[in-house]
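First comes the structure, then the notes that go with it.
The values are calculated or read from the model by the stated rules, or taken from the named source; none is laboratory data. Predicted model only: the values in this text are computed from it and were never measured. Every residue, glycine as well, gets a Cβ built from its backbone with ideal geometry; the counts of neighbours run over all protein chains shown. Just the protein is used for accessible areas: all its heavy atoms, side chains included, with ligands, DNA and RNA removed. Shrake-Rupley method; radii C 1.70, N 1.55, O 1.52, S 1.80 Å.
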There are 2 protein chains.
Amino acid sequence: MTKMTLPTDLEIARAAALLPIDQVAAAGGIDASRVEHHGRHVAKIHLGAIDDLSACPKAKYVVITALTPTPLGEGKTTTAVGLAQGLARIGRRSMLALRQPSLGPTFGVKGGAAGGGFSQVLPMETLNLHLTGDFHAITTAHDLLAAMIDNHLHHGNELGIDPHSISWRRVVDMNDRALRNIVVGLGAKLDGIPRQSGFDITAASEVGVCLALATSLRDLRERLGRIVIGYTRDRRPVTAEDLKAAGSMTVIMREAIKPNLMQTTENTPVLIHAGPFGNIATGNSSVIADQLGIRTSDYLLTEAGFGADMGAERFFNVKCRVSGLHPDAAVLVTTVRALKTHSGRYKVVAGKPLPPEMLEDNPDDVRAGADNLRKHIEIVRGFGVAPVVAINVFPTDHEDEISAIREIAEQAGARVAASTHVVDGGEGALELARVVEEACGEQTDFRFSYEEQDSIETKLHKVATGVYGADGVEFTVQARKDVALFEELGYGNLPVVIAKTHLSISHDPALRGAPTGWTLPVREVRLAAGAGYVYAICGEMRTMPGLGKHPAAERIDIDENGEIVGLF
Amino acid sequence: MTKMTLPTDLEIARAAALLPIDQVAAAGGIDASRVEHHGRHVAKIHLGAIDDLSACPKAKYVVITALTPTPLGEGKTTTAVGLAQGLARIGRRSMLALRQPSLGPTFGVKGGAAGGGFSQVLPMETLNLHLTGDFHAITTAHDLLAAMIDNHLHHGNELGIDPHSISWRRVVDMNDRALRNIVVGLGAKLDGIPRQSGFDITAASEVGVCLALATSLRDLRERLGRIVIGYTRDRRPVTAEDLKAAGSMTVIMREAIKPNLMQTTENTPVLIHAGPFGNIATGNSSVIADQLGIRTSDYLLTEAGFGADMGAERFFNVKCRVSGLHPDAAVLVTTVRALKTHSGRYKVVAGKPLPPEMLEDNPDDVRAGADNLRKHIEIVRGFGVAPVVAINVFPTDHEDEISAIREIAEQAGARVAASTHVVDGGEGALELARVVEEACGEQTDFRFSYEEQDSIETKLHKVATGVYGADGVEFTVQARKDVALFEELGYGNLPVVIAKTHLSISHDPALRGAPTGWTLPVREVRLAAGAGYVYAICGEMRTMPGLGKHPAAERIDIDENGEIVGLF
């Protein structure tokens, strides 16, 4: 691995020679008539392309997940991009499906999210700012429903909605803590009915999950109609359909349903589509992007948020259930620093540099954190899918630390490869590409963790014990009441999402490694009837981030040539 | 005039044969390298095109305004489109510059705004829904500044902002009455500082006016930096620059600054750009669109919101001052129903059909309302510009009513033409096209109503008496204090906008015709330092509309083919 000084992400991005986007589409066999340009380097793909390609052979389907990350993240996106580029270099057609990054956090801590180094999605400015407006469409559709709820109350509340039962808040794609808890409808008689409410960030919108899980525009229309916004005074659910909002919401989302085509630093194609939160929502890109991608390549790589206990579990149990697609392999992105953190010997804080002693050569620390990696390998195997451990190598890593990870992975029966894609691009991911290809040759035996007809309680129990390794599930009185209501209303056959921290396989971020001897506490259970699941709240879930004292927004600007500065 | 049954706007729109947008651009001499596609029929034009074309001859510059409209509107947009098409039919290259319609009202009363009949801007769905996301960019830039203000308070308020002085609210492109008056920052310590605030609709955003008046990205950057959001406890203004927000706001607006190219039903080019409110803001499309349009055609038609006392006055006194462009003619769109309303004999209500007796043949009613038209002709002449009265003919009009308007206009010294562009497209606007061409041959003697160095009070006085015909201006104590503060802070040299009803030349919607013997009451004066003007509040100004009991949103949907229904 080269230990030179790497150019900045922005320098690399600006130096990259991008192909016209039709050429990128054509390489995936997408007909020019289906390519709707949005600037020179982004296109929306008309859904007709999915039908066009239905006779094409199906790609091998690989989900990119990770071990339990540190608060810094372990480079899942860079590894996914690197692997796509690596596969191209060994002569395979790859297609990558990623989530759209949220605009709000761009101006918070991050300043941009599009991979890194020589494994980026380009143009990064477009990806991080608006893209083709899908998130704005989600915001608008979501907030139209909110406006129609308050308008319904204002005009006499014909449906008899209990105002205190309304769980539909508003959303904005902004880190804005002051909007978490607000009172609306103040003023005079024509200014609405006063009540408490608030805003979440757009990535937390159920409309966004409807987009991510929809299989067609018609299916999206039906999901939006099924959204439950609250209850009548006699506890009947009130839907977006009841409020006659779902048609307009669908019309607002009519362009957003088309996946966005972009390219990597090495011109391999990337579909960017939807971006629901990884904590309370599904944390996966769209079913539609995967349905398109699976016919346009030899390998479709799709990224699932956070660790295998989080995004990948929802990928398997929720997304694959909807799409009918089954993965051939799962890549577990692993880093030296993450395993060292799981040793419990270091404290890593978001936005701060690593403790310097973590950078010293110390394979014992890596081994001390190995339980977490072993558990994630076991989780993947539990779904009947072949795991591949991808070591995302940092310039500060040491050879014997990497060897230690190889040993751990192999002893756990997983394939393993080290990848230097950030520094070396696709050339650094050749080993990973070959190992993934090998894993995809294995016979798979994909299985869900639970069946639809299991009760909500059983489903939660099966994930908690069978996936996380908990001893059981503990429900509060409220949670039991929630479950009973949903079962009574006919929502009992929906799959489940467990909203918990991503910093531990358990609900408790302090529990490193592979925790045992614990019980999953379910505080309350909520319904996402449009998206199509119920979700159990197991801990504090932040759905509206705040800005720091000196947010990235303060340093982002244009220079004298009108070029963006400070985005990385 | 044909009295057949007209197909619906949507049927006409769907039947129209649209040209690929590069072809539309090429007809205007815009180089293909400057055309950034957004779908097949919309493009953003890179600002480099303005420099490319700087050697091209300047078009004749025509502002499209109107007499004092009824609450239904008098078809200014359809007439502008019809005229553009009429000019094309007599062999002139026309370019039309229009405002982007606000998305919110699409789901309120209107269900869409893009001209009508055979004089539409197409595709109407795209125009009415998101377009290329410029309004979303305005919303995001505006709300980022709001988030940074509340975040600044939360993190210790280093600048010493007086929270009660903060006038920067949030915006959303939605009719949402419940957001007019809210309390933000409730909850716990990390959830911000509680204070009263609210949301306006995006069209009311000062960021949108900055976009409309900017002459370059650099100029936009500077305008955004100058925005005053409130004051310190010792009454020093606090700007977006002080909050270090203006750089990020500009980055968010980087694509929005490029005008959007579309086409009419007859394939003549249209630039859609910016859409500030006509009541409290400038109500005109962008300076940049006009700077581009003026080099791409023989005739640049630009629309100004509401009557000649409203959008056109601001066009002359504010927009032309910034752009340095001077108009050659002003088209005053006039209807039989508007003059009948100005007779004071009928009551027209928005969203309701006309009283049936108004549809009877009655040229006396038309003559009884003639003062209003005469006054608007006088207003236009006052700026040294040639007026052309365009009679927008409705199928229910009678020949002798139209003759009455011709007579009134001619006696007032204006050119006049009747136009049936809604029913007949450009063919119906041939007379208007020829008359406009003739008017543009006249020697112009353009002059502002006031000079920059006039005091704020003098400027307001000159507009009220010289343009509206008021006897004078009356200031409240608050308004005098406002003016004194702005003069002291160095904002005294800014132009003025008078925020008043558009339903009367006066401040009082009940005063029809050409009111005399009245005084303009200025309740308060506000500062739009970024946009670059002060505005006097003369009446209740609604900056956040509400939805009706059965808003258009309830009937908008997709059909079984995924096509939009109910948008008209």
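Would you tally the residues in segment B:500-541 being on the phi < 0 side of the Ramachandran plot and in a loop (DSSP other than H, G, I, E, B)? Walk me through it before giving the result.
As a first pass, look at segment B:500-541 and keep what is on the phi < 0 side of the Ramachandran plot: B:500-512, B:514-516, B:518-531, B:533-538, B:540-541.
Okay, now just the ones that are also in a loop (DSSP other than H, G, I, E, B), so B:500-512, B:514-516, B:518, B:523, B:529-531, B:538, B:540-541.
Total satisfying the criteria: 24.
Looking at (1) open to solvent by 30 Å² or more (accessible area, probe 1.4 Å); (2) over 22 Å from the mean Cα position of the chain (by Cα); (3) within 11 Å of another protein chain (Cβ to nearest Cβ); (4) in contact (Cβ under 8 Å) with a residue 40 or more places away in the chain, can you tell me which one A:Gly198 breaks?
A:Gly198 satisfies every listed condition except (1).
Name every residue in segment A:559-568 that is under 30 Å from the mean Cα position of the chain (by Cα) and either at the interface with another protein chain (Cβ under 7 Å from one of its Cβ atoms) or part of a helix (DSSP H, G or I) (or both), in order of residue number.
Looking only at segment A:559-568, we keep the residues that are under 30 Å from the mean Cα position of the chain (by Cα), and these are A:563-568.
Across segment A:559-568, the qualifying residue is only A:Ile564.
Filter segment A:477-499 for residues that are assigned to a loop (DSSP other than H, G, I, E, B) and more than 20 Å from A:Gly382 (Cβ to Cβ); which is most open to solvent (accessible area, probe 1.4 Å)?
First pass over segment A:477-499, keeping only residues assigned to a loop (DSSP other than H, G, I, E, B): A:489-495.
Of the ones still in play, those that are also more than 20 Å from A:Gly382 (Cβ to Cβ) are A:489-494.
Details: A:Leu489: 50, A:Gly490: 49, A:Tyr491: 41, A:Gly492: 11, A:Asn493: 81, A:Leu494: 30 Å².
That would be A:Asn493.
Could you please give the count of residues in segment B:123-134 that are part of a helix (DSSP H, G or I) and either over 16 Å from A:Thr140 (Cα atoms) or more than 9 Å from chain A (Cβ to nearest Cβ) (or both)?
Looking only at that region, the number is 4.
Looking only at segment A:202-216, count every residue that is within 11 Å of chain B (Cβ to nearest Cβ) and outside any loop (DSSP other than H, G, I, E, B) and tell me the total. Give the steps one after another, and end with the answer.
Taking segment A:202-216 first, the residues within 11 Å of chain B (Cβ to nearest Cβ) are A:202, A:216.
Then keep just the ones that are outside any loop (DSSP other than H, G, I, E, B); that gives A:202.
So the count comes out to 1.
Assuming B:Asn157 fulfils every condition listed in (1) facing another protein chain (nearest Cβ under 8 Å); (2) open to solvent by 10 Å² or more (accessible area, probe 1.4 Å); (3) assigned to a loop (DSSP other than H, G, I, E, B) apart from one, which condition is it?
Single failed check for B:Asn157: (1).
Quick check: anything in segment B:141-154 part of a loop (DSSP other than H, G, I, E, B) and touching a residue at least 24 places away in the same chain (Cβ under 8 Å)? Let's see the steps before the verdict.
From segment B:141-154, those part of a loop (DSSP other than H, G, I, E, B) are none; that's our starting set.
No, because not a single residue in segment B:141-154 is part of a loop (DSSP other than H, G, I, E, B) and touching a residue at least 24 places away in the same chain (Cβ under 8 Å).
In segment A:418-427, which residue that is surrounded by 24 or more Cβ atoms within 10 Å (Cβ to Cβ) and not polar (S, T, N, Q) is farthest from A:Val366 (Cα to Cα)? Working first, answer last.
So in segment A:418-427, the residues surrounded by 24 or more Cβ atoms within 10 Å (Cβ to Cβ) come out as A:419-422, A:426.
Going one step further and asking which of them are not polar (S, T, N, Q), we end up with A:421-422, A:426.
Numbers: A:His421: 21, A:Val422: 21, A:Gly426: 26 Å.
Top of the filtered list is A:Gly426.
Would a scan of segment B:541-556 turn up a residue that is away from chain A (no Cβ under 14 Å) and either open to solvent by 20 Å² or more (accessible area, probe 1.4 Å) or polar (S, T, N, Q) (or both)? If you could, list the steps in order and put the result at the bottom.
Let us first name the residues in segment B:541-556 that are away from chain A (no Cβ under 14 Å), namely B:541.
Checking the rest, the ones that are also either open to solvent by 20 Å² or more (accessible area, probe 1.4 Å) or polar (S, T, N, Q) (or both) come to B:541.
Checking segment B:541-556: at least one residue is away from chain A (no Cβ under 14 Å) and either open to solvent by 20 Å² or more (accessible area, probe 1.4 Å) or polar (S, T, N, Q) (or both).
From the list B:Ala433, B:Ala514, which one is over 22 Å from the mean Cα position of the chain (by Cα) and assigned by TED's automatic domain parsing to the domain that holds B:Gly344?
Values: B:Ala514 fails: assigned by TED's automatic domain parsing to the domain that holds B:Gly344.
Every option except B:Ala433 fails the conditions.
Please verify whether A:Asp365 is modelled with pLDDT of 95 or more, under 21 Å from the mean Cα position of the chain (by Cα) and buried (at least 20 other Cβ atoms within 10 Å of the Cβ), treating the condition exactly as stated.
On the way: modelled with pLDDT of 95 or more: yes; under 21 Å from the mean Cα position of the chain (by Cα): no; buried (at least 20 other Cβ atoms within 10 Å of the Cβ): yes.
Against the criterion (modelled with pLDDT of 95 or more, under 21 Å from the mean Cα position of the chain (by Cα) and buried (at least 20 other Cβ atoms within 10 Å of the Cβ)), A:Asp365 does not qualify.
Taking segment A:174-192 on its own, how many of its residues are within 7 Å of chain B (Cβ to nearest Cβ) and part of a loop (DSSP other than H, G, I, E, B)? Give the derivation first.
Initially, segment A:174-192 is screened for residues within 7 Å of chain B (Cβ to nearest Cβ), giving A:174-187, A:190-192.
Of the ones still in play, those that are also part of a loop (DSSP other than H, G, I, E, B) are A:174-176, A:180-181, A:185-187, A:192.
Qualifying residue count, segment A:174-192: 9.
Across segment A:241-298, what is the number of residues that are of a type in the set (Gly, Ala, Ser), touching a helix residue (DSSP H, G or I) at 6+ places or on another chain (Cβ under 8 Å) and crowded, with 24+ Cβ neighbours inside 10 Å? It would help to see each step written out before you state the result.
Residues of segment A:241-298 of a type in the set (Gly, Ala, Ser): A:245-248, A:256, A:274-275, A:278, A:281, A:283, A:285-286, A:289, A:293, A:297.
In the following step, the residues that additionally are touching a helix residue (DSSP H, G or I) at 6+ places or on another chain (Cβ under 8 Å) were identified as A:245-248, A:256, A:274-275, A:278, A:281, A:283, A:285-286.
Still in the running and crowded, with 24+ Cβ neighbours inside 10 Å: A:245-246, A:248, A:256, A:274-275, A:281, A:283, A:285-286.
Final tally of qualifying residues: 10.
When B:Ile138 is evaluated against the numbered criteria (1) open to solvent by less than 20 Å² (accessible area, probe 1.4 Å); (2) at the interface with another protein chain (Cβ under 8 Å from one of its Cβ atoms), which criterion, by number, is the only one it fails?
(2)
Do you know which residues across segment A:218-265 are within 29 Å of A:Ala26 (Cβ to Cβ), within 11 Å of chain B (Cβ to nearest Cβ) and in contact with a strand residue (DSSP E or B) (Cβ under 6 Å, 6 or more places away or on another chain)?
Residue satisfying the conditions is A:Lys258 alone.
Please enumerate the residues belonging to segment B:174-195 that are without any contact (Cβ under 8 Å) to a residue 24 or more places away in the chain, open to solvent by 10 Å² or more (accessible area, probe 1.4 Å) and within 22 Å of A:Thr140 (Cα to Cα).
Within segment B:174-195, B:Asn181, B:Val183 meet the criteria.
Of these, B:Glu452, B:Glu431, B:Glu474, B:Glu457, which one is surrounded by fewer than 21 Cβ atoms within 10 Å (Cβ to Cβ) and in a loop (DSSP other than H, G, I, E, B)? Before you say what the answer is, go through the steps one by one.
Working: B:Glu431 fails: in a loop (DSSP other than H, G, I, E, B); B:Glu474 fails: in a loop (DSSP other than H, G, I, E, B); B:Glu457 fails: in a loop (DSSP other than H, G, I, E, B).
The conditions single out B:Glu452.
Residue-by-condition table, conditions (1) surrounded by fewer than 17 Cβ atoms within 10 Å (Cβ to Cβ); (2) free of Cβ contacts under 8 Å to residues at least 24 places away in the same chain; (3) touching a Gly at 6+ places or on another chain (Cβ under 8 Å); (4) within 14 Å of chain B (Cβ to nearest Cβ):
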site: A:Leu6; (1), (2), (3), (4): yes, no, yes, no
site: A:Ala13; (1), (2), (3), (4): no, no, no, no
site: A:Pro20; (1), (2), (3), (4): yes, yes, no, yes
site: A:Ala32; (1), (2), (3), (4): yes, yes, no, yes
site: A:His38; (1), (2), (3), (4): no, no, yes, yes
site: A:Val42; (1), (2), (3), (4): no, no, no, yes
site: A:Ile45; (1), (2), (3), (4): no, no, no, yes
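Checking the condition within 24 Å of A:Leu430 (Cβ to Cβ) and more than 14 Å from chain B (Cβ to nearest Cβ), which residue from A:Lys76, A:Lys58 passes?
Values: A:Lys58 fails: within 24 Å of A:Leu430 (Cβ to Cβ).
Just one listed residue meets the conditions, A:Lys76.
Could you please find all residues in segment B:409-421 being out of contact with any Gly (no Cβ under 6 Å at 6 or more places or on another chain), touching a residue at least 60 places away in the same chain (Cβ under 8 Å) and either assigned to a helix (DSSP H, G or I) or farther than 15 Å from B:His376 by Cα (or both)? It would help to see each step written out before you state the result.
Initially, segment B:409-421 is screened for residues out of contact with any Gly (no Cβ under 6 Å at 6 or more places or on another chain), giving B:409-418.
Checking the rest, the ones that are also touching a residue at least 60 places away in the same chain (Cβ under 8 Å) come to B:409, B:414.
Within segment B:409-421, just B:Ala409 meets the criteria.
Of the conditions (1) of a type outside the set (D, E, K, R); (2) on the phi > 0 side of the Ramachandran plot; (3) touching a strand residue (DSSP E or B) at 6+ places or on another chain (Cβ under 6 Å), B:Thr202 clears all except one; give me its number.
(2)
Exactly one of (1) more than 8 Å from chain A (Cβ to nearest Cβ); (2) open to solvent by less than 20 Å² (accessible area, probe 1.4 Å); (3) touching a residue at least 60 places away in the same chain (Cβ under 8 Å); (4) of a type in the set (Val, Ile, Thr) is unmet by B:Val171. Its number?
(3)
Which members of segment B:344-358 meet the condition of being open to solvent by 70 Å² or more (accessible area, probe 1.4 Å) and part of a helix (DSSP H, G or I)?
Scanning segment B:344-358 gives B:Pro356, B:Glu357.
Inside segment B:462-471, can you point out the residues that are over 12 Å from B:Ile379 (Cβ atoms) and surrounded by 18 or more Cβ atoms within 10 Å (Cβ to Cβ)?
Answer for segment B:462-471, where residues must be over 12 Å from B:Ile379 (Cβ atoms) and surrounded by 18 or more Cβ atoms within 10 Å (Cβ to Cβ): B:Lys462, B:Ala464, B:Ala470.
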